[in-house]
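The values are calculated or read from the model by the stated rules, or taken from the named source; none is laboratory data. On a predicted model such as this, the values are computed, not experimentally measured, just so you know. As a convention, Cβ positions derive from the backbone with ideal geometry for all residues, glycine included, and neighbour counts pool all protein chains shown. Note: accessible area is taken over every heavy atom of the protein model, side chains too, but ligands, DNA and RNA are not part of it. Shrake-Rupley method; radii C 1.70, N 1.55, O 1.52, S 1.80 Å.
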Amino acid sequence: MSITIRRAVREDCPRLMQLIEELAEFEKAPPGAVTATLSHFEDSGFGKNPVWWAFVAEQEGLIIGFGLYYIRYSTWKGQRIYLEDLIVTREKRGLGVGKLLFDRLIEETRAGGFSGMVWQVLDWNEPAIQFYKKYGAVLEPEWVNCILTM
């Protein structure tokens, strides 16, 4: 069964939202934690001024994973890709889908001339931590996330 990695299109958004809900459950978020609507999600990625882009992994016409990113600016390092989410549906984990997506994101980082890629991983998600370490990723425990919700 072959897996295709391609750029996301607007028509993918309903399936991407399903996977986002699946990720929220995996990350032990409370019910209702995902508050972005499908309309807002679509407009944010495919409207007049898109703020995110994504690659999807597709198998036999079904999206089984995706990597969603945006561009951030570091005053020390310049433009970098921020990987917001790397999701592979539960049934397809461990088959190399995440690697295909991550490799494609690395290609995008290099092709775009960005200085690197940045993301977060939950401290209890040991499989993901080990996955990123295989790439030589540096985990910075001294940084604390700060969130201000409006």
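For the reader, a short list of remarks on this structure follows.
- Residues of the stretch 113-133 satisfying the condition of being out of contact with any helix residue (DSSP H, G or I) (no Cβ under 9 Å at 6 or more places or on another chain) and either surrounded by fewer than 12 Cβ atoms within 10 Å (Cβ to Cβ) or not in a loop (DSSP other than H, G, I, E, B) (or both): GLY113, VAL118, TRP124, GLU126, PRO127, ILE129, GLN130, LYS133
- Only a single criterion out of (1) out of contact with any helix residue (DSSP H, G or I) (no Cβ under 9 Å at 6 or more places or on another chain); (2) outside any strand (DSSP E or B); (3) charged (D, E, K, R); (4) surrounded by 11 or more Cβ atoms within 10 Å (Cβ to Cβ) is not satisfied by GLU22, namely (1).
- In the stretch 50-67, the residues that are of a type in the set (S, T, N, Q) reach residues that are open to solvent by 20 Å² or more (accessible area, probe 1.4 Å) with C-beta atoms within less than 8 angstrom, at least six apart or across chains, in these pairs: GLN59/MET1; GLN59/SER2; GLN59/ILE3; GLN59/THR4; GLN59/LYS92.
- Among the candidates LYS48, LYS28, residue that is farther than 29 Å from TRP124 by Cβ and assigned to a loop (DSSP other than H, G, I, E, B): LYS48
- The single condition from (1) free of Cβ contacts under 8 Å to residues at least 12 places away in the same chain; (2) under 24 Å from ARG72 (Cβ atoms); (3) open to solvent by 60 Å² or more (accessible area, probe 1.4 Å) that PRO30 fails is (2).
- Of all residues in the stretch 95-103, one or more are open to solvent by 100 Å² or more (accessible area, probe 1.4 Å) and touching a helix residue (DSSP H, G or I) at 6+ places or on another chain (Cβ under 9 Å).
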